Amino acid sequence: MENKLFPESLDIYVWEGKSDIADRIAHCLSSFDVQVIRADGMSVTRDIVSLRPSIAVMSVSVIDRGEFSAEDWQKAHCMPVIWVAEVGRTANPRVYPTEYSHILMRDFTCAELRMLVFRLAAELHANNAPEHKPQPLIAQSECMQALVAEAEAFADCESSVLIMGETGVGKERIAQLLHQRHGRYRLGPFVAVNCGAIPDGLFESLFFGHAKGAFTGALLAHKGYFEQADGGTLFLDEIGDLPLYQQVKLLRVLEQSTVTRLGSQAEIKLDFRVVAATNRNLREQVQQDMFRADLYYRLAVIELRVPNLQERGSIDKIAIFSALLGQTYDEIPAPPDWLLDLVANSRFAGNVRELRNVAERVGIIYRQLGVWDKVRIDRVFTMLGSLERADDTNDLLVVRKKGELAERNRIIAALDANGWRRQDTAHAIGISRKVLWEKMRKFQIADTEAVGEAD
Ligand SMILES: Nc1ncnc2c1ncn2[C@@H]1O[C@H](COP(=O)(O)OP(=O)(O)OP(=O)(O)O)[C@@H](O)[C@H]1O
Ligand SMILES: [Mg+2]
């Protein structure tokens, strides 16, 4: 079952000698979109380069066997490593130089593993964000030019901005534009957080950070998102998906601009700008008591609405299509008029993101055949139409499914955080034991998912 707890699907490379670490990792992450690659019998240095996993898990026994030094490995392969060890870092500082910040004890629990992987995945996602490889923002239509002008006018101020717009219209792009045009904050980080995928049990630790030893498994101090964004922009994506009880926690920090790490007394003063985005109608959510009015007013000091592609018209559709086609294949000639007409006359329910996918598919057809094959290209657009019609009926289903996945993630994380004790978990999320049991049945959450706890 695919579970979108992580921003992208993850490959985790495990190198461990003769233990069951890979099995336990695979088991703990079995319901997530994660692939565990085992090093058994592979030539590590060669294979790891071709596989390009996102995260590596290494047993320190590999280092102890003297096959290579940890420094060499880290220098050669720029990816985060989780070191699995028998003893704590302080017990043997020689084995764990300072850069080994991610350490799991050999008897790790599923909760500890998920927490670490979730954090690393979020960091990887932030580092891969398009701000690091700036691409032009295409805005030729009048309504889009007006929006960009408005964004630029408000960019160099401290006020919070709420960006609204349908899925795939480019809300994150506008958030990056605001960041890049700020006199001071552009020199700091742009930290993007998907608020729709934060499990309860991890919320405080991820946003506020934690002090060393704040809870079992907190081997080192960790900066939360607020602190990571200090001096820059905190981008709260999908803010409308944040449940009410998490909204109140955010509000406190946003109002005071100070954060206190879990397990610490010290208040840390911060300076950052908040940009939030949503494809929901937040005002309506406020009226329906699904979104806190005070948080809404705190976030929406400036409101920007990104028009959808249909409103932008053929001028933007063609400009974006042509630019994206050029990105897929360097030597592609200008597309013929009939193809541009097809683009101009199509509706893209998934907006720029969907148009990008179409451009990619058309680019592949051209690359394979060396001609603009009308029959095959027509088929790409016909599929688009049928998808769109299907969307009308399936929209609700999709939305419901997304919401359910988020709820399932939250329940698993709460179970994790409470050692899979149902009474404590139910209490922590404010529902009865019976309701929790019903939800576990509905979302097919089995106690066996907690197998790491019993190890
Ligand atoms: N004006 C634009 N010019 C070029 N590329 C764009 C433009 N707007 C969006 N894109 C591209 O389209 C894709 C979707 O954009 P983005 O992620 O910013 O949309 P979004 O509104 O945040 O979507 P979602 O609601 O799904 O979070 C990205 O690949 C982005 O780079
Ligand atoms: Mg987005």
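Derivation of every value follows stated rules applied to the coordinates shown; laboratory data play no part. Please read all numbers here as calculations on a predicted model, not as lab measurements. When we count neighbours, we look across all protein chains shown, and the Cβ atoms used for this are built from the backbone with ideal geometry, even at glycine.
For K223 and V248, a Förster radius of 22 Å and the Cβ-Cβ distance give a FRET efficiency of 0.50, rounded to the nearest 0.05. Residue exposure proxy: K223, K317, ordered by other Cβ atoms within 10 angstrom of their Cβ from fewest to most, comes out as K223, K317.
The label point for R353 and the one for D289, both projected 7 Å from the Cα toward the Cβ, are 3.2 nm apart. Among K171/K223; K249/K439; K212/K442, which pairs are too far apart, with a Cα-Cα distance over 30 Å? Distance filter (> 30 Å) returns K212/K442.
Computed from the alpha carbon positions, the gyration tensor of the stretch 130-305 leads to an equivalent ellipsoid with semi-axes of 28, 19, 14 Å, biggest first. Taking every C-alpha pair closer than 8 Å and separated by at least 6 residues, the mean separation divided by the residue count of the stretch 130-305 gives a relative contact order of 30 percent. Annotation: amide H-H contacts under 5 Å for R273 (H modelled 1.01 Å from N, sequence separation of 5 or more, or interchain): G232, T233, L234. Given in Å, the Rg to one decimal and the Dmax to the nearest whole number for the Cα atoms of the stretch 157-254 are 14.6, 43. Length gained on full extension, D156 to Y297, computed as 0.36 nm times the residue gap minus the Cα-Cα distance: 48.8 nm.
In this simple spin-label model, placing a label point 7 Å from the Cα along the Cα-to-Cβ direction at both I431 and E360 gives a separation of 3.5 nm. Close amide H pairs (under 5 Å, H built 1.01 Å from N) link L162 with A276, V301, I302, E303, L304, residues at least 5 positions away or on another chain.
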